1. For the pairs A:LYS142/B:LYS297; A:LYS335/A:LYS378; A:LYS167/A:LYS369, note any where the Cα-Cα span goes beyond 24 Å.
2. What 222 nm value per residue comes from the helices of chain B, counting each DSSP H run with n ≥ 4 as -39,500 (n - 2.57) and dividing by all residues, nearest 500 deg cm²/dmol?
3. Using amide H atoms built in the peptide plane, which far-off residues or other-chain residues are under 5 Å from B:GLU349 H to H?
4. Step through the residues of the stretch A:129-144 one at a time and calculate ³J(HN,Hα) from phi using the Karplus curve (6.51 cos²θ - 1.76 cosθ + 1.60, θ = phi - 60°), rounding each to whole Hz and writing x for Gly and Pro.
5. With the crude spin-label approximation of a point 7 Å out along Cα→Cβ, what separation in nm comes out for A:LEU655 versus A:GLU639?
6. If each residue of separation counts as 0.36 nm, what is the full-extension length gain between A:THR114 and A:VAL80 once their alpha-carbon separation is subtracted?
7. Starting at the first residue of the stretch B:20-32, write each ³J(HN,Hα) from the Karplus equation 6.51 cos²θ - 1.76 cosθ + 1.60 with θ = phi - 60°, in whole Hz, x for Gly and Pro.
8. Could you line up A:MET203, A:MET376 from fewest to most neighbouring Cβ atoms inside 10 Å?
Amino acid sequence: MVDQSHKLSELVEDLTTSGEPQLNPNKLTEVKKICKVSIDYIEHFYHLIMTQLAKEHAEIRLSAFQMVSELFTRSHHFRVLLVDNFQEFLDLTVETDSDEPLPPPKEVARKLKTIAIQTVQEWQAKYGEAYKKLALGYHFLKQVKKVDFHDVQARTLAERKRQEEKKKRLDRIYKEKVEKAAKEMEDAKEEIEQCLTEINNSMKLLLPTEFEFGDLHTPTTPNHSIASFTSLPNGKSSTSSDMDDQPCCSKDLGDESKNGHTETSIRTTADEVEDCSEEDDDDDMEGLVDEDAFIRNTGLISHKYSLDLNLSTDLKLKETEENEAVVNIIKDLHKLISTKYLPSVQSWVQVFTKAGVPEPTLRQAIDLKKSLDRAMKKHEELHIDYKARQRRVMKAPEGSDDDDDDDDFEEVPEKEGFEPHIPDHLRVEYGLDASSSNPLAGKESVQPPVRRHAPSACHILSRPRNGATDEEQDPTCAASTLRLFKQLTACGVPSVSSSGHVTTSGGCLGPTDQANDPSEDRKNAPVIPFGLDLYYWGKEQPTAGKIIKYVYSQHQFWVPIEVEEEVENKELAAQMKSRYITFAGRFEPVKHRCKAPMPSGALCERQDRVKCPFHGRIVPRDNLGKPTNPEDAERLEKEEWKRREEQPDWRDPELMRDIELATGEDLGSSKTFGKHKKGKGKRKKYPNLSDLKKSANTSRSRLEKKVFNPSSMRRVTDVMNKMDKLKHAKFANQFNYALN
Amino acid sequence: MLGFLTARQAGLDDPLRLKRAETTRRVLSLELNHDRDVDRIHSNGINTIDIEVIEGRYMLSGGSDGVIVLYDLENNSRNAHYACKAVCTVGRSSRYVHRFSVETVQWYPHDTGMFVSSSFDKTMKVWDTETLKPAEVFQFEGNVYCHHMSPIARKHSLIAVGTKDQKVQLCDLKSGSRIHILQGHRGEVLSVRWSPRHEHILATASTDSRVLVWDVRRASGSLFSLDQHNGDKSKASSQAVNTAHNGRVNGLCFTADGLYLLSTGTDDRMRLWNSANGENTLVNYGKVCNESRKGLKFTVSRGCSPEFVFVPCGSSVAVYAVHTGELVSMLRGHYDNVDCCDFHPDYQELYSGGKDCNILAWVPVLRLPDLEEGGTIAKEGKSQAAVNPAFQDAWSSDED
């Protein structure tokens, strides 16, 4: 009995403080079960509910009201009880007393009121005959409070009408949308299908070839030769046709080059290098092994187009010159599909499903979408490795002059790509320092600024140099390949450089070449501002730090004792010869975490260097947060023990709170441990209810916070006091001012 | 009951005893009865009701809308359920209607052919019940809060009128003129009452916190003023001397025998005075909510052995035992403040009117015929349920 009523109280409290718009049906059933047992429970329930209804929170009232309406339709006794106190009930739910408005939050209160009015009307219709006070209450609401029950219905009618209108409007909009979408689809369908077939076909084109090359790990020579043969003339033709548009790297140089004809010869060779390099792209790293042999055998520069397919795990397609066109198409189509067709088809499907259009259209749209998706997926599966798109068009810098100058030079077989060994006697020719075997990028990057100071003389020389660095950026020329190799093989391997550069570089380059080694050091050397120490660098300064003292007495007879006139100030002397460099060290990010176990079960995530502000010194801990070192563990335990002792267990806050609740006296549980349990004490009793005390974030409140905050107030008073004081100081002696 | 009957049969008891016992029993069992309704005519709060004492059949009610309604309380339909019909109305369409709120209506104590009403439109009208036309209209300078005719007067036919003016006016029905004024109050007069015991004794209550008792034959002034502290100066602050309440006194009522006078004030107190010497009997009724700015009409039972007083108290009517001050019951049924109530001495019924436009009839609950001792309780519920299906519980099976 006591059990049950206790449970009933708990249930009622739970249900009413849930803060939800609907009651938990399970708990409600439980309540009903208990209430069904006996009238006593109903009475108990009634009292509980009335207390809850009187709470100053609309959410509690709403929930309580919902429970009331549940019970009201079920129990006669409950009806009697409630009707007996119907005035109060109406006050609390329908707001009959204007002095006691429904509590906040407003939204819920409004909802409560409408629900209550509707429910009262229902009750009146059902029970009004039998319960006189209910009927009286209804009439009271109707006549005195002018609650228009018909208005409630009328309003719902109006609402319904409004809803219908809204629906109609929506329908109309949808219809328009659907029509538009259908039309669009009709228009775009062909295009899409075409696109689909195209992409499918191109993928089909790609795939079979791929399977042919699937086992091509050792390059098949016939294929190769064909490739080289076919591509060579192509390359030539392309160079000639592409003469007009130069790569940007050589474009700016083109203007310069027009000044002097001396350089043209160099230029042509360089260009030829470029031309040739253009042809074989960057795909010649495969077949490294047999390159030498190949070169030796054919006497040709290595033109290799090998398709490296790794089919073991998944499809991987590399764009090559052969399939370039197809891949290009695929790429374009893919882009088209993913950016244009797929979104539009998706939107159509959305529109159709929302508006509910006839089957065929929707199916069409869905089919389209499916096929597009399939195409996309297929494309994904291909894993096409697109080349970085660079404009591969090139132009010789100085159109026709090249041709006539060409014959001045002996045709040298172009060297492309990697040449592991360069005979020593050829090194000079290759523009390499004979002694140093690695012409590093550093050399080239250091030199240009030096050269710039002598524009006219070194002009010719600088060009190819610059060109070389720029060429490196160009993936189509040999220089880039060179760089690639340099990067690949960390140890410097000598490689091809433009031959023209070597021939002309001559003596001018000599000194800079020699300065190669110091330049490396120079790179590492720190840069420091100019100072006295540098001024006196390497000089022995006799006067450094010496101060001449003028001890000169003007007295006629008295002469001071002879003193050394020069005094050496050691500090000053040191300053002249030395320099302070503050060594700040290097920042090292903290890698460890505090990892102390927290009450939540997680580990502390703080990354302090030495000491965590919450958990003290950071010691190595395992994954459970236990210190790995036994001495640390011991120390921590001791600390814990100490802390416990400071806080005797009779002052256990929980216990104290219980005692306080029981006795009603304040033992200071909240005070003593306010620091520890501040958060706990402030925790809301019913977290589900919306907080009424939460101050609204209005402009007013924000301003108030600013204006009335203590520091600003103090500032203002300070200023005012100062003004006051000023006045007093000024007119202190004048009584007529002093008084006010 | 049976004991009383046998005693009566044997002639052991005074006939009055049985009557008293039964009356008391009935008063104690007053309840809002489902079978008794009063027609809703008033569109605004009801300020006053009066049941005539000659036949006990007709009831007058005056509302804030100026309407006066005459009800027939007699149930001749042989049916348990009865809604008191409005016999006639002085409605808004009548050209004689009070323009403002009707504050008091009262039957002429000796005949139902006449009644008197007073209103905030500064008039008091004497009506002919047959024609519903005023036979006489008295004009005053201020709002009329109340008037009263002596229920027992044979030698005079005076109406005491309390208005916004400090003076109590005495109007003579015989001459149709205001013949006398009683000076003494320093505030509006909210309630006037003739003693039912001595026809010349009049009690008046005012906003100046005082209750004065007059003998209208004496011109010089009031007989005495009721003092809540019984002249004990030490208890009273200088200003509170000779005051009946610490606020406005807005209700007065003599007991049926006229020996005591009850007064209510806005200090939420009710006091019982010895009407002979004006002594405060110091009966403690507890808090009697009273916020009315106008007169409050309350009543006492007649013919009970401990008498009861019915006082409007907020939205309910409180029933106190007059001499002990014990709160017997609260009659809760109104949805707004109750302003007036009247007791039907023949049937021990109480009628109350309030701001919620309702006149509620509180009828003694008849005891159900006992069948057998054991079965009563069990059957009670069932018989009730049989009467009305709405009384049945409706637990759905899923709550098992």
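Each reported figure results from applying straightforward, stated rules to the coordinates on display, with no laboratory input. Nothing here was measured: the structure is a model prediction, and the numbers come from that model. Counting neighbours? That spans all protein chains shown, and the Cβs are built from the backbone with ideal geometry, glycine included.
1. A:LYS142/B:LYS297; A:LYS167/A:LYS369
2. Calculated from helices alone, the mean residue ellipticity at 222 nm is -3000 deg cm²/dmol.
3. B:HIS344
4. Once θ is set to phi - 60°, the couplings for the stretch A:129-144 become 4, 7, 10, 5, 5, 4, 4, 4, x, 4, 5, 4, 4, 6, 9, 8 Hz.
5. 2.6 nm
6. 9.9 nm is the gain from fully extending A:THR114 to A:VAL80.
7. Result, rounded to whole Hz: 4, 4, 5, 4, 4, 4, 5, 5, 5, 9, 4, 7, 5.
8. Lowest to highest Cβ neighbour count: A:MET376, A:MET203.
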